[in-house]
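Down below is the structure, laid out as structure tokens.
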Amino acid sequence: MDTSLSKQLQRFIPFDEWSEDTINELIPHFRHYELGPRKILFKRGQSDDECHFLLSGTIDLADDAFDVNSIEADDDDNFMALDSTHHVHRYAAITKTPCALVSVKRAYLELLSTWSEVRQSVQSESDEDSDWLERLITSELFARIPPANIQKLLTRFEELPAAFGDVIVREGEVGEHCYVIKHGNALVTRGEGDTIETLAALSPGDLFGEDALISDLPRNATITMTSAGAVARLSKEHFDTLLRQPVLKHIRESELEKLIDEADTGVIVLDVRQPPEAEAAPMLRARNVPLSQLRQRVKELEQDFIYVVCGGGRAEAAAYILSEAGFDARVLA
């Protein structure tokens with residue numbers, strides 16, 4: 001771990017808002033090197049998958065009109081990567097004096113930047129150093145599982161090492177396992193290229209990948225490690241018998257009216273199909289929240305109500321998500 005480098009990097013965006021521990025996650029992926037005078041760092045019009053930070057020396061940036069802007073390492077203007085706002089360089093960069101630089105893949109920088117921003121925006125009692133097992137077994141979900149099942153679950157988990165940038169779960173793939181983060185952090189995204197949507201940031205004790213096991217649908221998101229660490233995985237077979245079956249409650253349609261009449265609290269019917277499906281065959285008095293949006297919109301729901309979830313095979317996945325968040329949820333059979 002290069003402590004001096006992490007302190008040097010803290011003068012630059014985005015490292016100025018990161019902790020030293022967060023920066024140290026990325027340091028093994030930096031290239032730390034020196035260039036003599038009159039050396040080309042990059043050319044105008046060149047596509048570049050790296051971001052370059054000037055630690056010492058002076059670099060000339062020349063635009064297409066050959067206007068030159070000199071950047072000195074100690075200048076106040078040297079607070080971000082050189083010409084980093086586009087993947088294709090708008091300037092040519094030529095060293096004017098001997099220079100020391102560090103470079104890192106843009107994708108790695110964006111990955112860790114996004115994780116850091118999402119974690120800062122979410123109010124959470126947990127932190128990166130929290131004990132994964134304590135968080136897992138004290139969660140709302142595990143409160144609904146018999147103690148004997150919890151003991152069996154903990155012996156069924158298989159630990160796997162995970163490196164920074166590893167994709168643990170990929171959107172569109174068939175799910176065979178669910179996972180819990182033991183050490184490290186991860187980012188949840190959906191889509192690809194310019195349409196990537198960031199959904200959540202994960203830390204030790206967070207369980208993920210279970211939606212696909214319940215619904216038998218392809219993975220609906222990608223989980224990428226934003227630090228080195230370890231995950232533990234649980235097979236679909238053990239998940240079904242030890243976790244899914246004790247958590248999910250079912251109710252027949254013939255019992256719904258009785259539940260509504262006799263319940264001590266309100267009952268909300270939740271339709272988790274896509275809006276066109278719900279409009280084509282509407283459920284009476286049902287509120288429509290598609291399964292793909294449920295985790296993001298769960299805060300919109302009132303926790304004092306009983307939720308009866310409909311939507312075919314997706315209803316069980318939705319009821320599980322609600323149970324995980326502490327709601328009283330039933331699957332409409």
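Bear in mind these aren't lab numbers, they're just calculated from the coordinates by the rules spelled out. Predicted, not measured: the structure shown is a model, and the values here were computed from it. Methodologically, a virtual Cβ is constructed for each residue, glycine included, from the backbone with ideal geometry; neighbour enumeration extends over all protein chains shown.
Extension gain Ala333-Asp74, at 0.36 nm per residue separation less the Cα-Cα distance, in nm? Numbers along the way, then the final one.
On the way: separation 259, 0.36 × 259 = 93.24 nm, distance 6.76 nm.
Contour length minus Cα-Cα distance gives 86.5 nm.
Computing Rg/Rh (Cα atoms, Kirkwood Rh) directly from the structure and comparing it against [x] 1.10; [y] 0.94; [z] 1.04 singles out [x]. Relative to the longest principal axis of the Cα atoms of the chain, the long axis of helix 147-156 makes an angle of roughly 40 degrees.
Remark: the range 167-183, residue by residue, has Karplus-estimated 3J(HN,Hα) of 8, 7, 10, 10, 4, x, 7, 6, x, 10, 9, 10, 9, 10, 7, 8, 9 Hz, where x stands for each Gly or Pro and the curve is 6.51 cos²θ - 1.76 cosθ + 1.60 at θ = phi - 60°. Spatial offset of the range 157-192 relative to the range 235-312 amounts to 27 Å, using the alpha carbon center of each. For the range 248-332, the extents of the C-alpha atoms along the principal axes are 32, 27, 20 Å, listed from largest to smallest.
Rg/Rh for the range 3-106 (Cα atoms only, Rh after Kirkwood) is 0.96.
Averaging sequence separations of C-alpha pairs under 8 Å and six or more residues apart, then dividing by the length of the range 198-333, give the relative contact order as a whole percent. Write down the numbers at each step before the final one.
Details: 162 pairs, mean separation 38.2, N = 136.
Computed value for the range 198-333: 28 percent relative contact order.
In terms of modelled amide H atoms, which long-range or inter-chain residues lie less than 5 Å from the amide H of Ser56? Distant-sequence amide H within range of Ser56: Ala100.
Hey, with R₀ at 25 Å, roughly what FRET efficiency would Glu257 and Ala280 work out to, going by the Cβ-Cβ distance, to 0.05? With R0 = 25 Å, the Cβ-Cβ based efficiency is 0.55.
Label sites at Asp264 and Arg90, each approximated as a point 7 angstrom past Cα along Cα to Cβ, lie 6.4 nm apart. For the chain, the longest principal axis of the Cα atoms and the long axis of helix 253-262 meet at an angle of about 90 degrees. A helix-only calculation puts the chain at -7500 deg cm²/dmol for mean residue ellipticity at 222 nm, using -39500 (n - 2.57) for each DSSP H run of at least four residues, averaged over all residues.
Panel order for Phe53, Phe79, by other beta carbons found within 10 Å of each beta carbon, from fewest to most: Phe79, Phe53.
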